[in-house]
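J.: I am attaching a structure below and will ask some questions about it afterwards.
The values are calculated or read from the model by the stated rules, or taken from the named source; none is laboratory data. The model shown is predicted, which means the values in this text are computed figures rather than measured ones. So basically every Cβ, Gly included, is an ideal-geometry build from the backbone, and we count neighbours across all protein chains shown.
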Amino acid sequence: MNLIAIDIGNTNITAGLFLEDIEAGIEKTSGDKPDELAEVLSNFWSRVPFVKAKEAKDKKRDARIVIASVNPKWTELVKNIVQEKLGEKALEVGIGKDIPLPMGLDVDKPEQVGVDRVMAAFAAYCVVEDAIIVADFGTAVTIDAVSEKGIYLGGMILPGFDISSEALHRHTALLPQIGKVKAPQKPYGRNTEEAINNGLYYAAIGALETITRIYSEQIGKWPQTIVTGGNMDIIKSGCDFVDNFVDDLVVKGIVLSFKKHIGEKA
């Protein structure tokens, strides 16, 4: 199966090209750079082989384009680019969309759960096939739980590094806006910038470890913990309790969701 899977987030748009079910490329861009985004998608599309059917009169690329989005504005942008530049229709994953969610959601309002959270949870569950905890360190930090039967149980949402840093700067008189958070050399900051950096770093790791323990108590066992997201590399060295760090888990979840949908239709 050939597929272009597109994860439309709040900060980045991540596109993945899969040829014969094998990852052939991952590119990150932004909805604020439509020309760059169009170039990425066009380059991916040009690598897709044509349909081999002898009866096909017009040359047609043998692939589908599937998106999962938490950013409505950028969703329309991507759909327009796909239509105008590639001559295709982008299919969307979600409740009431082209492709249904691939797992059950045991929450009060399923329609309000970010589809990216479900995609990451489903991708991780497909591998582990047991109770799991999935954390996504992006613009926001989400930490979600899945039961051993593959039911999404809900989770927690925390501000990401950039949001937290900006909030400290904006709501105080003297605290500066720091750059990108990084793993500290020492636990205590020797200046204000280091103090903010270290506080945000250890707060994120402490929250993940505490929430993992709380979820484990609720589930009844210590499940595997998987971390993904654009900021996951920052916390790697401080998270010896995490089982796996996986790049682009949402993109992989989109692929698996589409394959599950096609399989059920067949």
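J.: For the stretch 99-158, which residues satisfy the criterion of being touching a Lys or Arg at 6+ places or on another chain (Cβ under 7 Å), over 17 Å from G220 (Cβ atoms) and of a type in the set (A, V, I, L, M, F, W, C)?
T.: Answer for the stretch 99-158, where residues must be touching a Lys or Arg at 6+ places or on another chain (Cβ under 7 Å), over 17 Å from G220 (Cβ atoms) and of a type in the set (A, V, I, L, M, F, W, C): just A123.
J.: Mind listing just one residue for me: the one in the stretch 103-113 that is in contact with a strand residue (DSSP E or B) (Cβ under 8 Å, 6 or more places away or on another chain) and assigned to a loop (DSSP other than H, G, I, E, B) and, of those, farthest from A131 (Cα to Cα)?
T.: Among them, the one singled out is V113.
J.: Checking the conditions here, which among V181, V134 is modelled with pLDDT of 95 or more and under 23 Å from M103 (Cα atoms)?
T.: Unique residue meeting the criteria: V134.
J.: Do you know which residues across the stretch 184-239 are in contact with a Ser or Thr (Cβ under 6 Å, 6 or more places away or on another chain) and outside any loop (DSSP other than H, G, I, E, B)?
T.: The answer is L200, T212, T225.
J.: Okay, next question. Assess whether E23 counts as being at pLDDT 95 or above and outside the structural domain of V115 (by TED's automatic domain parsing).
T.: Values: at pLDDT 95 or above: yes; outside the structural domain of V115 (by TED's automatic domain parsing): yes.
When the stated conditions are applied, E23 passes them.
Okay, residues lined up against (1) surrounded by 13 or more Cβ atoms within 10 Å (Cβ to Cβ); (2) under 30 Å from A123 (Cβ atoms); (3) hydroxyl-bearing (S, T, Y); (4) modelled with pLDDT under 95:
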{"site": "M156", "(1), (2), (3), (4)": "yes, yes, no, no"}
{"site": "S165", "(1), (2), (3), (4)": "yes, yes, yes, no"}
{"site": "I196", "(1), (2), (3), (4)": "yes, no, no, no"}
{"site": "T228", "(1), (2), (3), (4)": "yes, yes, yes, no"}
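J.: I need every pair where a residue in the stretch 108-132 that is in the same structural domain as I219 (by TED's automatic domain parsing) has its Cβ under 6 Å from the Cβ of a residue that is acidic (D, E), sequence separation at least 6 or different chains.
T.: Every condition considered, the pairs that remain are R117/D144; A120/D136; A121/D144; D130/E148; A131/E148.
Residue-by-condition table, conditions (1) under 21 Å from I151 (Cβ atoms); (2) touching a residue at least 12 places away in the same chain (Cβ under 8 Å); (3) not aromatic (F, W, Y); (4) not assigned by TED's automatic domain parsing to the domain that holds T11:
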{"residue": "I196", "(1), (2), (3), (4)": "no, yes, yes, yes"}
{"residue": "L200", "(1), (2), (3), (4)": "no, yes, yes, yes"}
{"residue": "T212", "(1), (2), (3), (4)": "yes, yes, yes, yes"}
{"residue": "Q218", "(1), (2), (3), (4)": "yes, yes, yes, yes"}
{"residue": "G230", "(1), (2), (3), (4)": "no, yes, yes, yes"}
{"residue": "I234", "(1), (2), (3), (4)": "no, yes, yes, yes"}
{"residue": "F245", "(1), (2), (3), (4)": "no, yes, no, yes"}
{"residue": "K260", "(1), (2), (3), (4)": "yes, yes, yes, yes"}
{"residue": "A266", "(1), (2), (3), (4)": "no, no, yes, yes"}
